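The values are calculated or read from the model by the stated rules, or taken from the named source; none is laboratory data. This structure is a prediction, so every number in the text was calculated from the model and none was measured. Glycine gets a Cβ as well: all are built from the backbone with ideal geometry, and neighbour counts include every protein chain shown.
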Amino acid sequence: MHPSFDEERPLSLGLSNRDEAKAAESDREEAKHEIIMGSIWCALGLAITIAAAKLSHGNAYIIPWAFIAFGAIKLIRGLSNYQT
């Protein structure tokens, strides 16, 4: 057995509790940013879709699915990261 290995104490990567708390807070802030940006992208895509549908008067109109999909992915990723 390695002399510095202690089975009672978890392996530390040199981060103090304060550093770990700062890292966790930074991760939560990044997750919040992704949630906000994902929501904005989805809202933008939906707004363009609604505007195009209103202006088309029953004709064909565009659905900017890439905006909506990109926003949904960012939103889901942000929510997932925020919960961990």
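The figures follow:
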| item | result |
| --- | --- |
| Test: residue 38 is assigned to a helix (DSSP H, G or I), surrounded by 12 or more Cβ atoms within 10 Å (Cβ to Cβ) and in contact with a Pro (Cβ under 8 Å, 6 or more places away or on another chain) | no |
| Boolean, residue 54 is outside any loop (DSSP other than H, G, I, E, B), modelled with pLDDT of 80 or more and exposed (fewer than 15 other Cβ atoms within 10 Å of the Cβ) | yes |
| Enumeration of residues in the stretch 37-84 that are touching a Leu at 6+ places or on another chain (Cβ under 9 Å) and under 30 Å from residue 24 (Cβ atoms) | 37, 38, 39, 41, 42, 71 |
